[in-house]
Amino acid sequence: MKPLRAIEVTDSGKVYWILGFLLLYIVSVIVHLSYFPLNGDEPRRAIVALEMLHSGNFIRPTTMGWEYYNKPPVYNWFIALCIKLTGSDSELAVRLPSLISLLVWGYFNYIIVRKIWSRNIAALSSVFLITSVDIYFWGLSNGGEIDVFYSMVVYLQVMALFYFNLKQRWLALFVASYAFCAIGLLTKGYPSLLFQGFTLLALCVYNKSVRVLFKWQHLLGLAVFLLIGGGFFYMYNFYGSAGTYLADLLKESFNKSAFGEFPEKLVKKIIEYPLSFFKIVLPWSLLLLLLFKKHRFRLWQEPLVRFSFLFIIFNIAPYWFTGHPRMRYVYMFLPFSMIIMAWIFYQFKKEYPELINKIFRYIFFFFVLLLAAILATPFFAKTDYVLLAIVAVLLLLYIAFYKKFQQQAVWYFAAGIGMLRLAYAFIFIPVKYDKTKLRYDYEMATMAAANNFQPVTIYKKPDRLELIIDLKISKVNLGTIPAIPYMAYQMPYYYYRSSGNLVMYDTVLTANKTYIGFGSDLQGLNIDTLYSFKDPNQNSEEIILFKQKP
């Protein structure tokens with residue numbers, strides 16, 4: 001049988017294809033990246049980064065002037081860097097780190113995999129990764145979230161364990177993996193320690209030996225971890241309590257486990273999880289259907305495939321057996337899934353090239369239907385006809401050249417996903433924005449104008465954060481700390497965008513000072529209302545810009 005290393009792309013124009021694909025990919029993400037307002041945790045990440053830039057303190061994260069304990073600061077440093085380099089605090093600057101992370105992630109995946117397999121399989125596994133629908137469409141559209149960057153860090157941590165184990169370079173294995181583990185700790189907290197521990201166990205199974213755990217180089221790796229992680233928390237102690245910080249990170253980790261949030265959804269989530277995971281790996285997870293045709297894929301005999309399976313098996317449990325439903329938390333499993341998919345595809349293509357070509361010929365009709373759907377958009381929603389025409393012409397050209405590239409069908413199909421993402425950016429993001437019930441960007445711009453673009457403080461009754469680790473069978477109480485109560489962080493972010501003034505939070509009112517408050521907290525108070533709006537995202541509270549009368 002012909003070795004996989006010998007299967008190479010011979011098309012002399014492959015460099016131009018790569019450059020063209022990357023250009024299409026970047027444009028498809030950048031277009032309208034600032035159109036839809038920040039949502040979810042995005043504005044909170046932005047606020048932390050902006051306050052760091054204003055204060056010059058990159059060790060102590062704050063939101064509206066108060067300590068922010070829920071996440072360490074590394075990802076906020078990345079956002080702050082993008083804001084600084086672009087000279088903009090727009091949504092694009094906040095979301096840019098995820099696009100950069102995914103492209104860097106795909107590049108490193110290619111570099112590592114090509115050291116083991118052919119360049120074709122390495123390139124395809126990276127293309128599968130960056131074009132998986134969930135991360136390409138949702139993950140990058142909401143790029144202010146932490147998950148793409150964090151998943152890239154975990155991937156580098158895990159692949160350091162595999163690759164240097166393969167080369168028996170033990171010092172590099174432990175130093176590199178624990179260094180990335182420390183960066184992960186300073187990005188999202190304790191989950192990185194679980195990845196390190198469970199993956200080391202997976203490596204023992206892979207090696208059929210536990211000797212790797214007892215090598216002296218392991219101590220040096222732990223020293224590197226303590227130097228980076230411990231060094232940060234030592235510096236943090238000069239500004240606040242590192243113990244409180246670590247306790248809150250522990251509480252956050254347990255809240256997102258089976259012990260914490262949404263335990264009532266646990267059984268349903270366990271049952272639905274395989275399908276949910278299958279969905280985030282689309283469209284490439286459909287390659288698993290090839291397994292139904294009788295063929296010896298020899299998956300377990302291939303070292304990288306075997307390790308990829310073991311990594312997923314040993315690490316998926318904390319995400320599978322939990323009531324917390326967010327699938328973006330498992331992006332770090334995608335490249336290992338794509339490595340398996342790429343191997344399956346090339347094994348199958350060697351034996352059944354005509355069947356593969358036939359499958360992709362049928363996919364041609366999907367793009368014809370997509371073109372019809374795009375042309376029909378004006379009948380259902382307000383559409384920019386110029387942008388619609390651009391997308392329609394590009395898609396028409398794509399369809400016209402489909403048969404010409406039949407021999408490179410999988411690569412051309414990946415470009416087709418880029419065309420679909422471009423259509424989503426040009427046409428459907430504006431439609432999504434037009435259907436938004438509440439536009440924080442508009443409301444906060446109106447508030448800023450009503451306040452003559454002067455500084456403002458958010459007033460709300462304070463909260464108490466209980467540092468309780470609830471294990472169901474017992475509870476560990478680590479004390480309580482004052483905290484900012486729940487609120488939409490779009491308010492301070494978009495007020496800053498409109499006025500240039502950071503928004504602070506306070507629990508007391510001062511006469512003649514301007515505040516943003518919540519109707520339920522202001523009943524019976526003597527105030528002058530300057531502007532107000534109803535917020536359906538915050539229990540239909542009335543959000544009021546006001547001054548406290550003397």
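Since every read-out is calculated from the coordinates, none of them should be taken as a lab result. If you're wondering where the values come from, they're calculated on a predicted model, not measured in any experiment. Here the Cβ positions follow ideal geometry from the backbone for every residue, glycine too, while neighbour counts run over all protein chains shown.
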The relative contact order of the chain, taking Cα pairs under 8 Å that sit 6 or more residues apart, comes to a percentage of 16
Quick one: angle between helix 42-55 and the longest Cα principal axis of the chain, in degrees between 0 and 90, rounded to 10, please.
60
Can you give me the angle between helix 170-188 and the longest principal axis of the chain, using Cα atoms only, in degrees from 0 to 90, rounded to the nearest 10?
40
Can you give the charge dipole size of region 440-548 about its Cα centre, rounded to the nearest 20 debye, using +1 on the beta carbon of Lys and Arg and -1 on the beta carbon of Asp and Glu?
220
Added length on full extension, which subtracts the Cα-Cα distance from 0.36 nm per residue, LEU227 to TYR442
72.8 nm
So, with +1 on the Cβ of K and R and -1 on the Cβ of D and E, and no other charges, what is the size of the charge dipole of the chain about its Cα centre, to the nearest 20 debye?
2180
To test your reading of the geometry: what angle, between 0 and 90 degrees and rounded to tens, separates the Cα axis of helix 242-255 from the longest principal axis of the chain?
60
Taking the simple approach of a point 7 Å from Cα along Cα-to-Cβ for both ARG464 and PHE405, what is their distance in nm?
6.2
LEU166 to TYR190: FRET efficiency via 1/(1 + (r/R0)^6), r the Cβ-Cβ distance, R0 25 Å, to the nearest 0.05?
0.35
Going from the fewest other Cβ atoms within 10 Å to the most, one would list LEU124, LEU375 as LEU375, LEU124
Using +1 at the C-beta of Lys and Arg and -1 at the C-beta of Asp and Glu, which of ILE47, THR63, VAL74 has the Cα lying farthest in the positive direction of the dipole of region 43-96?
VAL74
Compute the distance in nm between two label points, each set 7 Å from the Cα along the Cα-to-Cβ direction, one at LEU355 and one at LEU397.
3.6
